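J.: I'd like to ask some things about the structure below.
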Amino acid sequence: MCGFVGIIGVERASAALSMALQALQHRGQDACGMGTVEKGRFHVHKDLGLVVNVFSDQTLAQLRGSAGIGHTRYPTVGAGVREDAQPFYTRRPGVLMAHNGNVTNLDALETYLLSRGIHVQSQCDVEPILLVFAEALSDRRATGHTADDVVFAVREVFRLVRGAYSCAAILEVDGEETLVAFRDPHGIRPGSYGTSESGGWMACSESVAMDALGFDRVADLPVGSVVIMRPGQAAQVVSVQPEKPMPCVFERIYFARPDSLMEDGRVNAVRWALGKRLGEEWARRGLEADVVVPVPDTSRTSAQAMAEVLGLPYREGFIKNRYSGRTFIMPDAASRQAAHRLKLNPIPEIFEGKRVILVDDSVVRGTTVRRLASLARATNPAAVHLAVYSPPVRHPCYYGIDMPSKKELVAAKVPENEWPEAFGVDSVTFLSLDGLRETMGRPVCMACFDGDYTVPVSTGEVAAIVADRRGEG
Ligand code: SF4
């Protein structure tokens with residue numbers, strides 16, 4: 001998962017981007033980058049690390065201009081090198097771009113681009129998207145691109161690039177610096193846009209970036225569409241290739257901030273509804289418990305809803321070290337394990353002698369839940385029940401979340417009757433698939449739960465993704 005932001009029509013784009021990127025830091029902590037535009041000249045700085053560490057006051061001062069693109073990276077695979085950090089840019093024509101998503105047909109794209117004499121240089125998915133976009137613009141004309149040319153280029157991207165992606169770009173359109181944002185035909189990855197009182201525009205992964213800067217959210221980026229934004233002018237929204245909207249349900253369950261607003265409402269409200277449904281399903285199992293304890297931070301809202309449904313007290317039983325990273329988002333197993341040890345500490349009195357329901361958002365690899373169960377067990381509870389407000393993750397995600405192969409997914413490799421033992425708990429209750437579907441109340445991508453992939457991925461593409469998984473989510 002990554003966070004992107006594009007901004008135009010502000011006094012100092014670098015300062016604004018720095019704040020917006022900090023609001024999106026939860027979407028990726030591996031690397032970040034920023035590019036600004038000043039009279040047609042791009043200034044770019046990117047590096048490994050957090051936004052506050054990568055951008056000093058001096059660096060921000062050098063990134064001049066009133067428009068720019070920023071990015072926080074979470075690599076789906078690979079060591080994560082600085083060269084693959086976003087944004088990327090092309091010189092012919094001048095386009096600066098960042099994205100959130102995953103391209104599933106990279107080999108086909110590279111072949112297409114090579115046939116035109118264009119070499120992809122990085123391991124980052126946005127580069128081929130950018131090159132297809134830039135090539136389509138150049139096909140129309142060398143310079144002086146118009147809004148129609150941009151729509152044509154986005155149509156070419158939708159025709160050629162398969163997968164899930166939301167993108168923001170800065171380029172000159174109709175003689176003016178312009179912010180362009182587009183979202184794949186199914187809108188799998190999130191994105192929204194908004195405006196400021198002074199006529200500036202912003203497009204970003206989550207609305208919280210707009211909140212941070214006092215921008216008013218206008219809407220989600222419409223699926224299969226392009227939004228063309230210039231300071232002081234109305235945004236131009238062009239529907240290019242809209243298909244059935246299938247936004248990623250895992251954003252609602254885990255990734256997005258609870259205060260973000262997406263097409264189905266506030267993420268916090270969705271988590272409440274999921275927790276409520278989980279409570280109803282748990283109650284039907286006839287199990288008994290004394291207290292509901294969330295796994296911080298993501299699970300708090302759902303755990304509160306579950307406690308309310310069950311008429312049980314809700315207690316904070318784990319204290320989170322605020323200065324360690326989100327373990328799921330860390331790129332390799334060794335750093336994930338180290339982070340677990342640092343991350344959570346139980347309050348023994350909350351657990352001792354009690355039948356505890358531990359509420360978690362999801363179980364992917366199973367490492368976190370095993371660690372939590374063992375931490376809880378060490379405090380002598382009467383029982384530890386695990387309740388998860390999503391169904392078991394049994395299928396890989398090819399659309400930008402780090403669940404690349406079945407052999408990493410504990411629910412796919414361990415038989416269901418062995419889950420309690422495997423996780424070190426007395427019982428395991430996952431939200432049912434129907435529970436998730438009915439709670440969402442509208443079509444969503446939930447392929448990692450039900451194996452129904454919105455954008456079909458061929459066997460060859462799967463093999464290529466697993467063998468040479470690249471790009472960023
Ligand atoms: S497969 Fe799962 S994680 Fe991937 S986009 Fe769909 S819902 Fe999100």
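Bear in mind these aren't lab numbers, they're just calculated from the coordinates by the rules spelled out. Remember, predicted model here, so these are calculated numbers, not experimental data. Note: ideal-geometry Cβ built from the backbone for every residue, glycine included; neighbour counts use all protein chains shown.
J.: Could you please rank Ser405, Ser196, placing first whichever residue has the fewest other Cβ atoms within 10 Å of its Cβ?
T.: Ser405, Ser196
J.: Could you work out Rg/(2.2 N^0.38 Å) for the chain, with Rg from alpha carbons only?
T.: So the Cα radius of gyration is 0.98 times the expected 2.2 N^0.38 Å.
J.: Continuing with the same structure: Helix 333-343 sits at what angle to the longest principal axis of the chain, using alpha carbons and giving 0 to 90 degrees rounded to 10?
T.: In the chain, helix 333-343 runs at an angle near 60 degrees to the longest axis.
J.: Once the piece of chain linking Glu438 and Ser122 is laid out straight, how much longer is it, given 0.36 nm per residue of separation minus the C-alpha distance between them?
T.: 109.6 nm
J.: Separate question: Around Val226, what is the net charge, scoring Lys/Arg as +1 and Asp/Glu as -1 over all other residues with Cβ under 14 Å from its Cβ?
T.: Local charge sum for Val226: -1.
J.: Okay, which of the range 54-68 sit inside 17 Å, backbone N to the point 7 Å along the Cα-Cβ direction of Ala15?
T.: It comes to 55-68, nothing else.
J.: If you keep only loop residues by DSSP, which trypsin sites (Lys or Arg not before Pro) in the range 210-290 have at most 16 other Cβ atoms within 10 Å of their Cβ?
T.: Arg284, Arg285
J.: So, one more: From the backbone phi of the range 216-228, what are the Karplus-calculated ³J(HN,Hα) couplings (6.51 cos²θ - 1.76 cosθ + 1.60, θ = phi - 60°) in whole Hz, Gly and Pro given as x?
T.: Those phi angles translate into 8, 5, 8, 5, 5, 5, x, 5, x, 10, 10, 10, 10 Hz.
J.: Answer rounded, prolate or oblate for the range 410-460, using the Cα gyration tensor with square roots of eigenvalues a ≥ b ≥ c: rounded when a/c is under 1.5, else prolate when a/b is larger than b/c, else oblate.
T.: oblate
J.: Would you mind checking the tilt of helix 126-140 against the longest principal axis of the Cα atoms of the chain, expressed as 0 to 90 degrees and rounded to 10?
T.: 30
J.: State the extension gain, in nm to one decimal, for the chain segment bounded by Glu38 and Glu83, taking 0.36 nm per residue of separation less the distance between their alpha-carbons.
T.: Full extension of this stretch gives 13.9 nm more.
J.: Please order Asp361, Asp125 by the number of other Cβ within 10 Å, starting at the fewest.
T.: Ascending number of Cβ neighbours within 10 Å: Asp361, Asp125.
J.: With a Förster radius of 45 Å, plug the Cβ-Cβ distance of Asp297 and Asp148 into 1/(1 + (r/R0)^6) and report the FRET value to the nearest 0.05.
T.: 0.50
J.: For each of Lys39, Lys244, Lys46, count neighbouring Cβ atoms within 10 Å of the residue's Cβ, then give the residues from fewest to most.
T.: Lys39, Lys244, Lys46
J.: So for the pair Arg159, Asn380, with labels modelled 7 Å out along Cα→Cβ, what separation do we get in nm?
T.: Roughly 7.2 nm, to one decimal.
J.: Round to the nearest 10 and give me the degree value, 0 to 90, for the angle of helix 106-115's Cα axis relative to the longest principal axis of the chain.
T.: Result, in degrees: 10.
J.: Which of the three applies to the range 168-251, rounded, prolate or oblate, going by the alpha-carbon gyration tensor with a ≥ b ≥ c and a/c under 1.5 meaning rounded?
T.: Taking the square roots of the gyration eigenvalues as a ≥ b ≥ c, the range 168-251 is oblate.
J.: In whole Å, what are the extents of the range 1-158 along the principal axes defined by its C-alpha atoms, from largest to smallest?
T.: Its Cα atoms span 42, 36, 20 Å along the three principal axes.
J.: Continuing with the same structure: Any idea how far apart Thr59 and Arg394 come out in nm if each label point goes 7 Å out from Cα toward Cβ?
T.: Taking the two extended label points, one gets 4.5 nm.
J.: Do you know the relative contact order of the chain, to the nearest whole percent, from alpha carbon pairs under 8 angstrom that are 6+ apart?
T.: Relative contact order comes out at 15 percent.
J.: Right, next: Can you tell me how much longer the chain between Val238 and Glu110 gets when fully stretched, taken as 0.36 nm per residue apart minus their C-alpha distance, in nm with one decimal?
T.: The Val238-Glu110 span can extend by a further 43.3 nm.
J.: Follow-up question, since we're still on this one. Given that compact globular proteins tend to follow 2.2 N^0.38 Å, what is the ratio of the alpha-carbon Rg of the range 266-452 to that value?
T.: 0.97
J.: Now a separate question. Taking only DSSP H segments of four or more residues, each worth -39500 (n - 2.57), what value at 222 nm results for the chain once the sum is divided by all its residues, to the nearest 500 deg cm²/dmol?
T.: The helix contribution divided over the chain gives -9000 deg cm²/dmol.
J.: Just to be sure I understand the model, the point goes 7 Å from the Cα along the line to the Cβ. What's the resulting Glu176 to Ala463 distance in nm?
T.: 5.1
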